[in-house]
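A short worksheet on the structure shown next.
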Amino acid sequence: MRKIRTDLFILLITSLCFFVLWFFHGCSTKNLLRNEKVGSIFVQSDTSGADVLLDNTVTGKHTPDTLFNVKTGSHQVKVQMSGYLSSPGSIIVEVKEDSIVSASFTLLSLNYGSLQVNSNADGADIVVDNVPTGQKTPYLFSHDISTGAHIISIFKNGYSNDSPAKQLVNISTIDTTSLVFNLSPATVGQSVDNITPDFNLQDDYGEYLRFYAYRGYVCIINFWALSCYYCMVELPYLQQLYSEYSSDSLKLFGINYEDSLDVIQQKRTELGLGFTLLRGAGTTAKSDFGIIGTPVTIIIDRSGKIYYYKLGFTDQADKIQQEMTIFRQKLNELFGR
């Protein structure tokens with residue numbers, strides 16, 4: 001009986017020894033794995049939620065997040081997000097043992113780009129697609145201009161615009177478009193070679209329009225009212241000019257200086273007017289331009305200066321044709337026809 005107990009004891013001890021040997025051998029293998037040199041990578045982007053790729057493999061992580069247990073050495077980190085372009089496209093990081101290295105990305109929306117606008121006279125208002133932006137030169141629109149074609153111009157009180165007064169640009173996601181404009185000191189007035197006064201008036205659709213935002217265009221300004229007989233005679237002929245030169249981007253602004261919005265809208269319909277009609281009643285527009293008699297028709301060149309000033313019109317057929325011939329001559333000179 002004692003011998004059997006001894007044999008069992010020996011068997012138990014032997015089994016225990018084998019278990020211990022197996023355990024420590026297994027642990028040593030695990031320790032070898034655990035002792036492999038590893039570090040971490042913290043990945044972030046200015047727009048969160050981008051997929052994180054390590055060595056071109058999707059990790060399942062999204063910015064901002066940390067990649068743990070990355071083998072030491074060089075690794076390539078990328079991020080990707082639908083609708084965005086990563087800048088830079090990838091980053092090579094050097095992972096060190098028991099340390100964290102960072103990789104930071106900027107995600108550029110594929111719908112927006114950057115624009116730098118400068119001028120020889122600082123403080124000029126920047127205009128994009130005939131709408132003042134509220135920014136002044138020099139200014140960088142940092143990735144907040146929609147991609148595609150835009151018309152850019154500037155204006156500054158007391159200055160005319162040298163050629164080119166407006167520039168067509170194509171904004172892309174990657175590159176920053178840079179523009180430089182030149183301005184020249186000029187006098188505001190009502191005579192030829194003066195720059196016209198500015199105005200900010202409401203059109204018959206309810207939108208406000210600032211005249212200086214149209215620098216770079218050949219423009220016509222006409223002052224009219226329902227009570228002005230010759231104004232009403234002239235309006236259909238102005239529509240003819242507008243139709244003839246609209247392909248050259250002629251801008252025509254008819255400022256009604258005394259009537260209600262309803263009257264303006266009614267005349268647009270009755271006369272088939274396609275150009276911009278503005279309501280000047282209750283504003284200083286008429287006095288700013290020094291208007292005493294009407295109608296007054298002013299042709300403005302691309303620099304913003306008055307090129308031709310005409311007071312009055314006629315209802316005699318032969319004289320109307322003479323007036324129209326002069327208008328066309330002036331416009332042809334400005335458009336290079």
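The values are calculated or read from the model by the stated rules, or taken from the named source; none is laboratory data. Quick caveat: nothing in here was measured; it's all calculated off a predicted structure. When we count neighbours, we look across all protein chains shown, and the Cβ atoms used for this are built from the backbone with ideal geometry, even at glycine.
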statement: Within region 314-337, restricting to residues that are touching a Lys or Arg at 6+ places or on another chain (Cβ under 9 Å) and of a type outside the set (D, E, K, R), the one that is surrounded by the fewest Cβ atoms within 10 Å (Cβ to Cβ) is Ile326
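Of all residues in region 47-69 being of a type in the set (Asp, Glu) and in a strand (DSSP E or B), which is nearest to Val93 (Cα to Cα)?
To start, the set of residues in region 47-69 that are of a type in the set (Asp, Glu) comprises 51, 55, 65.
Checking the rest, the ones that are also in a strand (DSSP E or B) come to 51, 65.
Details: Asp51: 17, Asp65: 15 Å.
In this case the residue turns out to be Asp65.
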field: Among the residues listed as Asp288, Asp259, the single one being farther than 22 Å from Lys166 by Cβ, of a type in the set (Asp, Glu) and in contact with a helix residue (DSSP H, G or I) (Cβ under 9 Å, 6 or more places away or on another chain)
entry: Asp259
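Residues Thr66, Thr57: which one is in contact with a Phe, Trp or Tyr (Cβ under 6 Å, 6 or more places away or on another chain) and either surrounded by fewer than 16 Cβ atoms within 10 Å (Cβ to Cβ) or modelled with pLDDT of 95 or more (or both)? Even if it seems obvious, please write down each step before you answer.
Working: Thr57 fails: in contact with a Phe, Trp or Tyr (Cβ under 6 Å, 6 or more places away or on another chain).
Being in contact with a Phe, Trp or Tyr (Cβ under 6 Å, 6 or more places away or on another chain) and either surrounded by fewer than 16 Cβ atoms within 10 Å (Cβ to Cβ) or modelled with pLDDT of 95 or more (or both) holds for just one of Thr66, Thr57, which is Thr66.
Which strands (runs of 3 or more DSSP E) does region 144-208 wholly contain that include 2 or more residues that are farther than 22 Å from Val296 by Cβ?
Numbers: elements: 148-155, 159-161, 166-171, 176-181, 183-185, 200-203.
Correct list: 148-155, 159-161, 166-171, 176-181, 183-185.
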task: Enumerate the strands (runs of 3 or more DSSP E) found wholly within region 221-337, keeping only those where 2 or more residues are without any contact (Cβ under 8 Å) to a residue 24 or more places away in the chain.
output: 306-311
- prompt: Taking the condition surrounded by 14 or more Cβ atoms within 10 Å (Cβ to Cβ), assigned to a loop (DSSP other than H, G, I, E, B) and not small (Gly, Ala, Ser), does Tyr217 pass?
  reply: yes
field: One residue from Ser109, Ser104, Ser163 being at pLDDT 95 or above and closer than 30 Å to Ile41 by Cβ
entry: Ser104
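Taking region 136-156 only, how many residues are closer than 11 Å to Ala124 by Cα and either at pLDDT below 95 or of a type in the set (Lys, Arg) (or both)?
Of region 136-156, the ones closer than 11 Å to Ala124 by Cα are 136-139, 153-156.
Going one step further and asking which of them are either at pLDDT below 95 or of a type in the set (Lys, Arg) (or both), we end up with 136, 156.
Residues that pass the stated criteria total 2.
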Residue list for region 59-116, filter: of a type in the set (Ser, Thr, Tyr), closer than 28 Å to Leu179 by Cβ and touching a Lys or Arg at 6+ places or on another chain (Cβ under 9 Å): Ser86
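Can you tell me which residue is farthest from His143 (Cα to Cα) among those in region 88-99 that are touching a residue at least 40 places away in the same chain (Cβ under 8 Å) and in a strand (DSSP E or B)? Step through it out loud before you land on a result.
From region 88-99, those touching a residue at least 40 places away in the same chain (Cβ under 8 Å) are 93, 95-99; that's our starting set.
With in a strand (DSSP E or B) added as a condition, the list becomes 93, 95.
Working: Val93: 27, Val95: 32 Å.
Among residues in region 88-99 that are touching a residue at least 40 places away in the same chain (Cβ under 8 Å) and in a strand (DSSP E or B), the one farthest from His143 (Cα to Cα) is Val95.
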task: Output the residue which, of all residues in region 41-86 that are within 25 Å of the chain's Cα centre (by Cα) and touching a residue at least 40 places away in the same chain (Cβ under 8 Å), is farthest from Asp98 (Cα to Cα).
output: Leu85
